[in-house]
Amino acid sequence: MDGIHDVGGMQGFGHVQELTPAPPFGEPWERKAFAIGALSARIAGTNLHAFRHAIERVPPQEYLSGYWNRWTIGAQIMMEDSGIVTDEEVRARAARLSGRDVPEPQPPTPNKPQMPSGGAGNLRSVERPPAFAVGDRVRAADLHPAGHTRLPRYVRGRAGTVTALQPSAVFSDTAAHFLGENPQHCYAVEFDSRELWGQEAEPFSLSIDLFEPYLEPVT
Amino acid sequence: MTSAAEHLDPALRVEALASLLSERGLIDEAIIERFVKTYEQSVGPMNGAKVVAKAWTDSDYRARLLADGTAAIAELGFKGPQGEHIVVLENSPTVHNVVVCTLCSCYPWPVLGLPPSWYKDPAYRSRIVREPRQVLREFGLDLDDQVEVRVHDSSSEVRYMVLPERPAGTESRSEEELAALVTRDAMVGVARAAAP
């Protein structure tokens with residue numbers, strides 16, 4: 001989806017934060033937020049791709065209100081989808097924890113997705129031979145799916161060169177929607193900065209790993 | 001969850017969720033505590049620093065690390081979630097690699113732990129793929145124009161770690177002393193390893 005998460009190349013976010021050796025969690029609630037998010041796919045009977053897609057669906061203003069906030073809301077959205085909790089329940093419980101005597105709604109009926117897994121992790125073998133080889137010129141397709149994709153906007157329609165074949169893996173775009181693992185070949189594709197950002201761009205190269213369905217041959 | 005919904009304090013949301021899930025027997029405090037402690041105490045950049053220090057002192061290991069990062073890292077006992085396939089990128093006087101995840105916060109957990117705040121922030125994610133030299137300057141790393149900059153966007157299940165250059169004047173240092181010079185920032189590619 002063309003959502004708030006797809007920030008590559010956007011302007012207006014200002015200075016980068018200072019580099020500090022800060023520990024992974026600041027406030028105590030962030031520890032619990034991390035654990036709930038990390039366990040949420042197991043609780044909801046889903047997968048990592050679905051969790052990423054749930055975070056993408058966090059409303060933009062909430063998405064931009066801190067990492068652990070969007071992480072927690074993403075986990076909640078995914079658990080709502082699986083009928084584990086409802087937003088009304090969470091809000092009612094939050095009110096009660098704050099000392100307000102509000103009625104609590106009935107819990108939902110669990111409705112976990114059913115997607116057989118080909119095994120642990122995400123790396124898979126693909127029988128058919130790869131469509132592209134190292135050195136091939138390829139173009140990132142101009143796709144705008146409504147659902148989950150790992151093809152960011154800033155490379156769509158741009159031409160680059162395959163520099164490596166990565167291990168083939170579960171296809172995020174289908175797995176996130178429980179439409180099957182659908183494993184795909186995956187390629188490191190290198191783009192010249194001027195192809196992405198115009199002739200005035202800083203000189204550098206951008207390498208990104210793209211699944212085969214995202215790529216078209218350049219003829 | 002609708003966009004019109006009123007903002008709920010995140011700490012309160014977490015408490016409410018934890019309370020509901022624990023009531024339903026779906027999480028328990030002991031599991032949460034064990035999980036969090038792992039990433040506070042055992043899995044972090046100190047692991048990656050050991051990998052880097054070994055590569056600096058053992059040329060055979062360095063070759064194995066660059067050829068098959070996942071296997072060479074596993075030799076030191078580091079593996080697990082977000083580390084299924086790790087590629088190690090070598091920085092040199094002529095090439096500077098830097099890593100990002102523009103779409104979320106993909107990061108090589110077994111060697112670096114959980115990502116720092118700046119890595120997950122939209123400012124870094126949006127800008128490092130568009131003006132990396134300027135961003136690195138803001139972080140305090142001014143690269144010579146002659147240095148080739150390579151930015152790596154972690155968009156698949158591949159995870160990246162940078163092997164920084166060994167600082168000058170460290171020839172007599174032990175592997176353990178060298179590991180102390182290797183920062184998280186250097187292994188993402190936004191800083192150099194610290195000078196002794």
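We did not get these values from a lab; they are worked out from the coordinates using the rules stated. Being a predicted model, the structure only gives us computed values, none of them experimental. Note that we place each Cβ from the backbone using ideal geometry, even for glycine, and neighbour counts take in every protein chain shown.
Here segment A:182-204 is scanned for amide nitrogen atoms under 17 Å from the site 7 Å beyond the Cα of A:M115 along Cα-to-Cβ, giving A:182-185. Taking other Cβ atoms within 10 Å as a rough exposure proxy, A:D142, B:D145, A:D6 sort from fewest to most as B:D145, A:D142, A:D6. The relative contact order of segment B:1-116 comes to 27 percent, based on Cα pairs under 8 Å that sit 6 or more residues apart. Measuring nothing but how far apart in sequence close Cα pairs (under 8 Å, 6+ apart) lie, relative to its length, chain A scores a relative contact order of 18 percent. Under the criterion of Cα pairs below 8 Å and six or more residues apart, the relative contact order for chain B equals 25 percent. Projecting label points 7 angstrom from Cα along Cα→Cβ for B:E177 and A:E216 puts them 5.9 nm apart.
Ignoring lysines fewer than eight residues from B:K120 along the same chain, the ones with Cα atoms less than 23 angstrom from its Cα are A:K32, B:K37, B:K79.
Counts of other chain beta carbons within 10 angstrom of each beta carbon in peptide A:187-199 average 2.
Summarise the partner chain shielding of A:72-78 as one whole number: the mean count of Cβ atoms from other chains within 10 Å of each residue's Cβ. Could the numbers behind the result be given before it?
Values: counts 6, 6, 2, 4, 7, 1, 0.
The per-residue average across the peptide is 4.
Using a/c under 1.5 as the rounded threshold, could you call segment B:47-144 rounded, prolate or oblate? The axes a ≥ b ≥ c are square roots of the C-alpha gyration tensor eigenvalues, and prolate needs a/b larger than b/c, oblate otherwise.
On the way: a/c = 2.43, a/b = 1.41, b/c = 1.72.
Because a/c hits 1.5 or more and a/b fails to exceed b/c, segment B:47-144 counts as oblate.
Shape of segment A:3-86 from the C-alpha gyration tensor: oblate (a/c of 1.5 or more and a/b not above b/c, with a ≥ b ≥ c the square roots of its eigenvalues). Each Lys and Arg contributes +1 and each Asp and Glu -1, all at the Cβ; summed about the Cα centre of the protein assembly as shown, the dipole is approximately 380 debye.
Highest mobility in the GNM of chain A, judged by mean-square fluctuation with C-alpha springs under 10 Å and restricted to A:T109, A:T20, A:T163, is found for A:T20. Site pair A:L179 and A:V102 shows an inter-label distance of 3.7 nm when each label is modelled 7 Å from Cα along Cα→Cβ.
Annotation note: trypsin sites (Lys or Arg not before Pro) in segment A:75-126 located in DSSP loop regions with a Cβ neighbour count of at most 11 within 10 Å are A:R100.
On the beta carbon distance between A:E18 and B:D28, with R0 = 30 Å, the FRET formula returns roughly 0.20.
Given the rule -39500 (n - 2.57) for each run of at least 4 DSSP H residues, summed and divided by the residues of chain A, what is its mean residue ellipticity at 222 nm, to the nearest 500 deg cm²/dmol? Intermediate values should be presented prior to the final figure.
Numbers: 7 runs with 65 residues, N = 219.
After summing the helix terms and dividing by the residues of chain A, the value is -8500 deg cm²/dmol.
Using the number of other C-beta atoms within 10 angstrom as an exposure proxy, rank B:C106, B:C101 with the fewest first.
Lowest count first: B:C101, B:C106.
The mean number of Cβ atoms from other chains found within 10 Å of a Cβ in peptide B:94-105 is 4, as a whole number.
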